[in-house]
Amino acid sequence: MSETDIRDFTKSEVESKNEFEYKAEMKQLLHLIVHSLYTHPEVFLRELISNSSDALNKIRFRRLTDSNILDPDAELKINIDVDEKENTFSITDTGIGMTKDDLLSRIGTIASSGTLEFLKQMKENNKSIDANLIGQFGVGFYSVFMVTDEIIIETANAEPDSKSFLWKSIGENKFTIEEIDKKPRGTKISFKLKDEYKEFAQPWKVKSILKKYSNFVDFPVYVNGEKVNIVSALWHRKKEDIKDEELNDFYTFISNDSTPPMAHILLNIEGILNFKSLIFIPETAQPTLFQDALDKSLQLYSNRIFIQDNCKELLPDYLKFVKGVVDTEELPLNVSREVTQSSPVIAKIKNVLVSKILGLLEDWAENDKPKYEKFYNNFGSLLKTGINSDFTNKDRLIELLRFETSLKPKSEKVSLKDYVNRMADDQKEIYYIMGDHRDLIEMNPNLEYFRKNELEVLYLTDPVDVFTIPYIFEYNKKQLKSIEKADIDIKKENKTETSADESNKGLLNKFKEVLGDKVEDVIESNRLVDSAVTLVVGKQGFDPQVEKMMQYIDKNFTHSKRILEVNTTHNIIRNINSLFISNSNPELVSNTILQLYDGALLLEGKLASPNEFLKRMNEFIELSTK
């Protein structure tokens with residue numbers, strides 16, 4: 001193909017022409033791509049193959065139930081033609097093709113929300129998008145602009161009366177769409193390579209890239225007329241006949257993850273339910289783990305016929321990190337994507353898959369702790385979300401949870417079973433505390449009693465814990481209890497008799513008078529050892545982390561009032577109690593009470609008036625330095 005062939009069309013070919021301008025966000029995206037955002041230019045070929053494969057899957061699916069399509073007998077294939085002399089490249093598929101609306105909506109806009117912002121952040125942080133991230137953000141096609149200045153698309157949709165169109169763009173402000181003479185069904189993408197990328201016009205180079213990225217495409221791929229891929233449905237082969245290299249290559253193809261998986265499960269279920277499956281647990285978590293729009297989990301096949309690329313009905317959300325394929329003979333060949341959502345066959349397969357995956361994790365947790373720890377560090381947050389959604393497997397999931405604790409180093413997480421086995425005979429509750437991270441938690445005065453008495457406390461630092469813990473309630477007949485709750489079961493320390501005398505009661509009443517409706521109540525503390533005061537949660541209140549989450553969801557959410565606990569044996573409290581009894585400096589007593597309360601708020605991150613706090617602090621410093 002010559003440069004003239006790529007850029008020019010005769011007037012007889014063109015019936016109408018429309019020029020369109022990219023949306024602002026699209027212009028920015030193209031600018032980022034053209035200016036070397038990506039580090040692996042060869043990945044453009046993988047993205048083109050992937051798009052062609054998708055188009056072929058769609059027409060194969062449609063042909064099962066509808067023969068009234070353009071070129072119904074055309075072979076489902078992908079042709080790549082390169083010309084070293086002319087430095088040109090083209091890829092043609094006999095897939096479903098595109099309409100004019102498709103060209104506008106799929107090629108003229110960004111496919112995934114958040115894509116542009118993500119790419120901008122990567123650019124600002126001087127990070128490059130590697131080969132494993134391209135395509136996850138709906139920008140795969142545009143990677144072609146790394147290697148060319150102009151792209152031409154010729155396409156004909158599968159509808160019998162459809163028109164053929166030509167799309168052209170130089171990747172800047174505008175693109176054109178022209179109606180052209182009738183073309184065979186499918187899509188052809190062609191362009192002239194930049195001089196620095198002329199290697200991609202060499203057949204051997206293209207073949208080597210296809211072997212790396214697209215060796216398991218489910219359609220024949222030809223390079224200058226030579227077939228280069230051999231399709232192998234590994235899930236239909238015996239376990240002993242599959243090599244590790246084949247498994248790794250297959251995993252790379254279906255996941256776009258070049259790192260070998262942590263494990264795989266090959267299933268051949270026969271009996272009341274019949275299906276085959278090959279699924280993988282990745283070695284690492286993708287940065288898009290919690291972004292549903294970008295997830296791709298299991299592919300669904302029926303008798304080796306592709307049905308659905310990302311069948312969410314096959315796995316619960318908390319296992320969506322699992323990749324692989326499921327093939328069943330029990331789905332009718334005219335099955336639609338809508339049918340799979342309510343199919344009893346799919347539901348049964350899902351139950352088997354979940355049980356097998358959890359069984360593997362349970363085995364690791366029991367017999368290969370380092371491996372399970374690595375898995376949990378990657379996917380534990382997602383796994384926890386199953387506690388409040390999968391009640392059938394809730395007990396199994398609870399056993400798989402792991403937590404940091406006050407008695408173990410940060411690197412060592414424990415199960416609830418481990419915790420209970422270490423509990424003293426008279427301990428009735430499982431203690432926990434929530435916080436943003438361990439360092440902040442360990443500054444919390446509510447830990448003092450537990451630290452002094454060597455009582456183990458679970459550190460819940462994962463934001464997901466806010467949603468998880470309320471659904472556990474208890475474990476092994478031991479209730480899970482936040483140590484920030486006022487009604488926690490704490491044994492009273494052996495304090496002097498004066499700690500409960502009338503003078504202390506008077507001071508507590510003074511606290512209530514000064515603080516007024518700022519607090520729910522003021523009580524003597526049994527939990528404090530080194531601190532003068534702390535804020536705790538009443539029976540009906542929420543943990544501070546829960547409130548933080550609720551405020552994030554609802555900006556109008558108001559915090560519940562806290563109970564202020566006072567350590568009557570602390571020197572500060574004794575000193576202001578003496579001042580209170582003598583009535584020698586009531587203003588200092590009131591200011592000290594306010595300062596103690598604001599200090600407790602500061603620890604919780606809820607101090608609304610730091611200026612007042614700082615002003616009183618300076619007054620105290622001035623007084624103490626006279």
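What follows draws every value from the coordinates through simple rules; no lab data is involved. Fair warning: this is a prediction, and the values are worked out from it, not measured in the lab. Neighbour counts are summed over all protein chains in view; Cβ atoms, including those assigned to glycine, are modelled from backbone coordinates with ideal geometry.
Remarks
- Given R0 = 41 Å, the distance between the Cβ atoms of Arg237 and Asp395 translates into a calculated FRET efficiency of 0.70.
- Taken along the Cα-to-beta-carbon direction at a fixed 7 Å, the label points for Glu226 and Asp462 span 5.1 nm.
- Each of Arg237, Arg185, Arg422 has some number of other Cβ atoms within 10 Å of its Cβ, and from fewest to most they run Arg422, Arg237, Arg185.
- Cut-off 13 Å between beta-carbons: net charge of the residues surrounding Pro261, Lys and Arg +1, Asp and Glu -1: -3
- Put a dot 7 Å past the Cα of Phe20, heading toward its Cβ, do the same for Arg422, and the two dots end up 6.1 nm apart.
- Cβ-derived FRET efficiency at R0 35 Å, Thr259 paired with Glu199, nearest 0.05: 0.85
- When both segment 413-441 and segment 172-218 are represented by their alpha-carbon centers, they are found 58 Å apart.
- Surrounding net charge for Ser411, when Lys and Arg each add one and Asp and Glu each subtract one, Cβ distance under 13 Å: +4
- Ordering of 245-253, 369-377 by burial proxy (mean other Cβ atoms within 10 Å per residue, highest first): 245-253, 369-377
- Members of Lys239/Lys374; Lys243/Lys374; Lys417/Lys478; Lys212/Lys239; Lys168/Lys188 lying beyond 18 Å, as alpha-carbon distances in this model show: Lys239/Lys374; Lys243/Lys374; Lys212/Lys239
- For segment 499-624, the equivalent ellipsoid derived from the Cα gyration tensor has semi-axes of 27, 18, 12 Å, listed largest first.
- Counting Lys and Arg as +1 and Asp and Glu as -1 over every other residue whose Cβ lies under 15 Å from the Cβ of Lys211, the net charge comes to 0.
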